[in-house]
Structure formats: structure tokens, C-alpha cells
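The values are calculated or read from the model by the stated rules, or taken from the named source; none is laboratory data. Note that the structure is a prediction, hence the values are computed from the model and not measured. Glycine gets a Cβ as well: all are built from the backbone with ideal geometry, and neighbour counts include every protein chain shown. Surface accessibility is based on the protein's heavy atoms, side chains included, excluding ligands, DNA and RNA. Shrake-Rupley method; radii C 1.70, N 1.55, O 1.52, S 1.80 Å.
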Amino acid sequence: QRAVDQGIQSRNPAILDAALSWSRLGQHLVAPWRVLVYGEPNVGKSSLLNALAGFHRAIVTPHAGTTRDLLTVDVNFDGWPFRLLDGAGIRESFDPIEKEGIDRLKKELPLADLRVAVVDLSRPDSAKSLAELDHVPDLVVGNKQDIADDQTVAVDIRVSATTGYQVDFLIE
């Protein structure tokens, strides 16, 4: 506020521009960063959301298509507010309810501050449908490191949502 007041009083646009360059960051002091967790069914998106939240917010089952609507949970990491979003697994579906959930998730992609694509390290082909999306992920998380056979899958970070392996590092 002082920088804005100084810029107004001095009528110096450079001071105002410098203050405004921090506006997006400053907005997130009160409005949470929107982090969308997405990927194919059963890669562990909901398990990861639960691990990040620190409690069981999302229902987790071995059945594909369990999560159909967008789930949100508000958390705080190191004093910063975050809204984590989890949705239906991205795949071709003929079920109208699941299809609606997938469409809702896809509509969130351009609105998210951070897009976290989750892939199943025990199934190296689990990232194939991500390439078909219009938005490139900001971060690719390889989940299920505890049961992964192939260590060559290219990801930004390897975690295990069920054991907690590297989840704290992901938060950092």
C-alpha cells in the first residue's frame, strides 16, 4: 500500500508499475492458489489430494470412476492458502455422469494457478491421455513409487500418496 501511495503522490508510473507487478502474488495472501490435480483414472489423484490435505477428504477405491465431481479442500502450506481440486479421471467415457465430471475438470484446467498431472509409476502408459489435452501440466507427479517397477518414467517428482514418501517435499 505504501508503494502505491508513493507512486500516486509522486505521479511516477514506474513506482506504480513496480507495485502492480506484485499484485498477483499479493492477491494470494487472501485468495487461495488454485491447484488442480488431474490424470487418468486410478493413478492416485484422490489419494494424493488426501495426503496433501492431511486427512481423508476424497473417497478412494480401486474402481475407476469413483470421483465424478470436482472435490475441493482448502489447506495452508507455510502460511499460504491453497485450494486443491480433484476431479474425474480423464478418459473416454460413455457414462453421462462421468463424462460431465471429466468436462468440468477440463474447464478448470485454464483457471488453475498450478496444474499437477499425476501418473501411475506402476503403469508407465498412464500418461498417454495427458498429451491430448490443450494445457501442458506445470508439474508431473509420479505416484505409487512404492510399487513402481520402471524407474525410467520421466516425471518431476516421485511420491507415494499411500506411504507419504516425498509428499512433504512435494508440498515444499
Practice task
Restrict the check to region 21-40 and report whether at least one residue is at positive phi, open to solvent by 50 Å² or more (accessible area, probe 1.4 Å) and assigned to a loop (DSSP other than H, G, I, E, B).
Solution key: no
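Provide a single number: the residues in region 105-134 that are in contact with a strand residue (DSSP E or B) (Cβ under 7 Å, 6 or more places away or on another chain) and outside any helix (DSSP H, G or I).
10
Can you spot a residue in region 1-20 that is within 21 Å of Lys107 (Cβ to Cβ), in contact (Cβ under 8 Å) with a residue 12 or more places away in the chain and open to solvent by less than 50 Å² (accessible area, probe 1.4 Å)?
For region 1-20, residues within 21 Å of Lys107 (Cβ to Cβ), in contact (Cβ under 8 Å) with a residue 12 or more places away in the chain and open to solvent by less than 50 Å² (accessible area, probe 1.4 Å): absent.
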Practice task
State all residues of region 66-83 that are of a type in the set (A, V, I, L, M, F, W, C) and either surrounded by fewer than 16 Cβ atoms within 10 Å (Cβ to Cβ) or touching a Pro at 6+ places or on another chain (Cβ under 9 Å) (or both); if no residue qualifies, say none.
Solution key: Leu70, Val75, Phe77, Trp80, Phe82
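Pull up region 123-141, narrow it to residues that are at pLDDT 90 or above and in contact with a helix residue (DSSP H, G or I) (Cβ under 8 Å, 6 or more places away or on another chain), then point me to the one that is farthest from Leu170 (Cα to Cα).
Filtering first and then ranking leaves Pro137.
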Handout entry: Top-ranked residue in region 136-172 [being in a strand (DSSP E or B), more than 23 Å from Arg34 (Cβ to Cβ) and free of Cβ contacts under 8 Å to residues at least 24 places away in the same chain; ranked as most open to solvent (accessible area, probe 1.4 Å)]
Key = Tyr165
Exercise for the section: Taking Val43 as meeting all but one of (1) assigned to a loop (DSSP other than H, G, I, E, B); (2) crowded, with 17+ Cβ neighbours inside 10 Å; (3) of a type in the set (Val, Ile, Thr); (4) over 14 Å from the mean Cα position of the chain (by Cα), write down the number of the exception. Expected result: (4)
Exercise for the section: Tell me, yes or no, whether region 22-45 has at least one residue that is aromatic (Phe, Trp, Tyr) and either at pLDDT 85 or above or touching a strand residue (DSSP E or B) at 6+ places or on another chain (Cβ under 6 Å) (or both). Expected result: yes
Fill in the blank from the handout: The one condition Ser93 fails out of (1) free of Cβ contacts under 8 Å to residues at least 24 places away in the same chain; (2) open to solvent by less than 40 Å² (accessible area, probe 1.4 Å); (3) assigned to a loop (DSSP other than H, G, I, E, B) is (1)
